[in-house]
Amino acid sequence: MKKLLLFSLLTGFAFANMQFAKNKECSSCHPAIYAEYKTSQHAKATIFKDPIHGAVYDKHPQYNKLEKYRCGHCHVPTADNLSALLKSHNGVTPDPDNETQNEAVSCAYCHRIEDVKHGVAMNKNMVSLKDKVYFTSKSKPGSSPYHGIETNKSIFENGKMCMGCHSHKSNKKEFQVCATDINNNASKKNCIECHMHKVDGPPSTMSTSKTHTFHGFPGLHGDLTHLSQYVTMNISTKDNNKMFTVVINHDVPHSSTMHPLRSAKLVVTVNSGGSITKMQDRVIAKTIGSKKGGSPVPTAPWLATEIVKNTTIPANTKIAYPYKWDLKSGDVVTATFGYYLVKPKALKKFDLQDNEEATKFRVIRKETFTVQ
Ligand code: HEC
Ligand code: HEC
Ligand code: HEC
Ligand code: HEC
Ligand code: HEC
């Protein structure tokens, strides 16, 4: 009991307004990490810096009917008026002139997450009240002239600290619109291993260490080079060259896309003596929606009550996509697998047809195969 009381005195639920050091304050001693971080979606998670998040919020009933920004829990957790942003009907919505809202998912916020508590609609981050003490996974961290350092292996070593925001989210209809659903039996299941790999250069200007964990958090927005090692492809022929299959080996402990806006696509062509034939595209995505009349139709995430269709590739799964085509010796099959941040069919609904980021096809892997 005493221990529980102490814990609650030292940590605050993320929705109380708290003070956090600014990202800029870390740049002088951690220049490499700061530069990487600035390119990441964590630094751009606000409606001002992420036009896709802005476009969805713009159409959302939380903005249009309720004057609230529940998104702030995860997109601007260091706002100095967070509790007002989370409440309905008080006229408080995101403000581009509020500096603390522009900090997005900040350095100090992440490094003050003491624990993650399970929640039904979404998880909660328990944030330490010690405003200049930062958590690390290292048993013997160095010391800093600017801040304290505390070891917190239980959530910083295994990626559990990511799960306050990345675990799951339900809408008002109690339908889970997204979930990471990690495969606990996977040999590689630590978010940090794949999304914060080691790169050259010391973690601080005062460190003798030669490498640090990359803070660009690679994902669908950015450079997919590092992540591509976990999504491989293999092309082979069958039935005397009357058929071929493209196998995608998705060696990732979560499904191929998790956010309801996303979709993936497998594009395959056959080049026969210079004449190129495009096979039918395979769309790999999850569509959510609700029943209209008898059958379910796609809707915006906030109206969804069920899964309409799901062709995403589950965690750590190989899927074979067959194609019926009469191949000749010397024909070249090319397969390209990649993602869209916003499903092409949803672009118009969010007025994102002309947004380059939203419309770009992001290739993670391309393979060719010459028929024997
Ligand atoms: C005056 C220099 C200075 C500033 C400013 C500074 N740090 Fe540090 N920080 C250090 C030093 C020195 C270490 C010890 C480890 C090392 O040598 O890299 C360290 C270590 C850390 C660690 C633990 C790293 C480990 O070894 O696992 C974290 C986390 C951290 N800093 C976060 C921050 C954040 C967040 C900010 C900005 C709010 C910040 N630091 C600002 C100098 C600084
Ligand atoms: C529980 C935490 C959480 C809450 C609350 C939350 N989000 Fe997010 N949001 C995330 C995470 C994590 C991602 C990244 C997911 C991914 O890339 O698969 C994300 C990504 C997004 C994206 C995609 C952005 C892009 O650039 O592609 C949009 C759009 C978005 N959220 C809109 C919203 C809106 C609107 C709200 C509030 C109505 C909201 N989110 C509330 C955690 C949250
Ligand atoms: C999304 C959460 C998140 C954000 C944002 C974040 N970090 Fe980290 N940081 C981590 C995790 C997780 C680790 C790796 C585990 C560990 O070493 O504790 C880490 C590691 C570090 C380390 C030790 C690196 C090493 O390899 O020795 C330093 C220093 C650090 N962060 C500083 C910063 C600074 C400065 C910023 C902002 C410019 C920042 N972090 C932003 C989660 C975050
Ligand atoms: C074995 C490597 C690996 C591990 C471990 C891993 N991921 Fe991923 N992650 C990927 C790859 C590869 C992609 C690219 C999309 C795909 O095909 O899965 C990705 C994509 C993502 C995306 C963007 C997806 C989208 O829809 O926008 C998010 C967010 C993400 N991972 C979060 C996590 C979190 C949180 C964890 C830990 C619970 C984690 N990942 C563990 C490899 C990994
Ligand atoms: C405070 C909430 C929060 C925490 C903690 C957090 N994230 Fe995120 N993360 C987000 C939000 C919000 C987004 C989406 C931002 C956007 O696109 O607007 C995101 C996006 C991402 C993406 C997608 C990037 C892309 O290019 O599409 C990856 C990968 C990711 N996070 C990995 C991690 C990992 C790994 C950790 C733990 C070390 C972590 N996150 C911790 C809130 C968080």
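The values are calculated or read from the model by the stated rules, or taken from the named source; none is laboratory data. Given the structure is predicted, the values throughout are model-derived calculations rather than measurements. Ideal geometry is used to build each Cβ from the backbone, glycine not excepted, and the neighbour counts take in all protein chains shown. When the accessible area is computed, the model is the full protein with side chains, heavy atoms only, and any ligands, DNA or RNA have been set aside. Shrake-Rupley method; radii C 1.70, N 1.55, O 1.52, S 1.80 Å.
Hey, among the residues in segment 189-208 that are in contact (Cβ under 8 Å) with a residue 40 or more places away in the chain and more than 10 Å from ligand 3 (Cβ to nearest atom), which one's farthest from residue 146 (Cα to Cα)?
Per the criteria, the residue is 189.
When the residues of segment 63-99 are filtered to those that are in a helix (DSSP H, G or I) and free of Cβ contacts under 8 Å to residues at least 12 places away in the same chain, which remaining residue is farthest from ligand 3 (Cβ to nearest atom)?
So, considering only residues that are in a helix (DSSP H, G or I) and free of Cβ contacts under 8 Å to residues at least 12 places away in the same chain, the one farthest from ligand 3 (Cβ to nearest atom) is 64.
So, in segment 35-56, exactly how many residues are in a helix (DSSP H, G or I) and in contact (Cβ under 8 Å) with a residue 24 or more places away in the chain?
Of the residues in segment 35-56, 11 are in a helix (DSSP H, G or I) and in contact (Cβ under 8 Å) with a residue 24 or more places away in the chain.
Here's the yes/no breakdown for (1) in a loop (DSSP other than H, G, I, E, B); (2) in the same structural domain as residue 266 (by TED's automatic domain parsing); (3) over 23 Å from residue 231 (Cβ atoms); (4) without any contact (Cβ under 8 Å) to a residue 40 or more places away in the chain:
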position	(1), (2), (3), (4)
313	yes, yes, no, no
320	no, yes, no, no
327	yes, yes, yes, no
335	no, yes, no, no
338	no, yes, no, no
342	yes, yes, no, no
350	yes, yes, yes, no
363	no, yes, no, no
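Which one of these is touching a helix residue (DSSP H, G or I) at 6+ places or on another chain (Cβ under 6 Å) and among the aromatic types (Phe, Trp, Tyr): 361, 350?
The conditions single out 350.
Assess whether residue 92 counts as being among the β-branched types (Val, Ile, Thr), away from ligand 1 (no atom under 16 Å from the Cβ) and in the same structural domain as residue 164 (by TED's automatic domain parsing).
So residue 92 passes the test.
How do the strands (runs of 3 or more DSSP E) wholly within segment 142-231 filter down when requiring 1 or more residues that are touching a Lys or Arg at 6+ places or on another chain (Cβ under 9 Å): which remain?
148-151, 176-179, 198-200, 211-213
Condition test on residue 298, is it open to solvent by 50 Å² or more (accessible area, probe 1.4 Å) and touching a helix residue (DSSP H, G or I) at 6+ places or on another chain (Cβ under 9 Å)? Walk me through how you get there before you give the answer.
Details: open to solvent by 50 Å² or more (accessible area, probe 1.4 Å): yes; touching a helix residue (DSSP H, G or I) at 6+ places or on another chain (Cβ under 9 Å): yes.
Here the answer is yes, as residue 298 does meet what is asked.
Looking at segment 226-239, which of the residues that are more than 19 Å from residue 362 (Cβ to Cβ) and modelled with pLDDT of 95 or more is least open to solvent (accessible area, probe 1.4 Å)?
That would be 235.
Please find, within segment 214-242, the residue that is farthest from residue 331 (Cα to Cα) out of those that are hydroxyl-bearing (Ser, Thr, Tyr) and touching a residue at least 24 places away in the same chain (Cβ under 8 Å).
230
Being under 27 Å from residue 233 (Cα atoms) and outside any helix (DSSP H, G or I) is true for just one of 367, 357. Which residue is that? It would help to see each step written out before you state the result.
On the way: 357 fails: outside any helix (DSSP H, G or I).
Just a single option satisfies the conditions, and that option is 367.
Among the numbered criteria (1) under 13 Å from residue 176 (Cα atoms); (2) assigned to a strand (DSSP E or B); (3) in contact with a Lys or Arg (Cβ under 8 Å, 6 or more places away or on another chain); (4) open to solvent by less than 30 Å² (accessible area, probe 1.4 Å), which one does residue 260 miss?
Residue 260 satisfies all of (1) under 13 Å from residue 176 (Cα atoms); (2) assigned to a strand (DSSP E or B); (3) in contact with a Lys or Arg (Cβ under 8 Å, 6 or more places away or on another chain); (4) open to solvent by less than 30 Å² (accessible area, probe 1.4 Å) except (2).
Residues to consider are 142, 159, 164; find the one that is modelled with pLDDT under 95 and either open to solvent by 40 Å² or more (accessible area, probe 1.4 Å) or under 18 Å from the mean Cα position of the chain (by Cα) (or both).
Working: 159 fails: modelled with pLDDT under 95; 164 fails: modelled with pLDDT under 95.
Only one candidate qualifies: 142.
I need the full set of residues from segment 94-136 which are of a type in the set (Phe, Trp, Tyr) and open to solvent by 20 Å² or more (accessible area, probe 1.4 Å), in order please.
134
Checking residue 286 against (1) in contact (Cβ under 8 Å) with a residue 40 or more places away in the chain; (2) open to solvent by 10 Å² or more (accessible area, probe 1.4 Å), which single condition isn't satisfied?
(1)
Would you check if residue 335 is in contact with an Asp or Glu (Cβ under 6 Å, 6 or more places away or on another chain) and within 30 Å of residue 240 (Cβ to Cβ)?
Answer is yes for this residue.
Could you tell me which residue of segment 173-212 is surrounded by the fewest Cβ atoms within 10 Å (Cβ to Cβ), considering only residues that are among the β-branched types (Val, Ile, Thr) and more than 10 Å from ligand 4 (Cβ to nearest atom)?
Going through segment 173-212, the residues among the β-branched types (Val, Ile, Thr) turn out to be 177, 180, 182, 192, 199, 205, 208, 211.
Retained after the next criterion (residues that are more than 10 Å from ligand 4 (Cβ to nearest atom)): 177, 199, 205, 208, 211.
Working: 177: 19, 199: 15, 205: 10, 208: 7, 211: 12.
My answer is 208.
Only residues that are among the β-branched types (Val, Ile, Thr) and within 19 Å of residue 26 (Cβ to Cβ): list them for segment 69-119, please.
Initial filter on segment 69-119 (among the β-branched types (Val, Ile, Thr)): 76, 78, 92-93, 100, 105, 113, 116.
76, 78, 100, 105, 113 - these are the residues of segment 69-119 that are among the β-branched types (Val, Ile, Thr) and within 19 Å of residue 26 (Cβ to Cβ).
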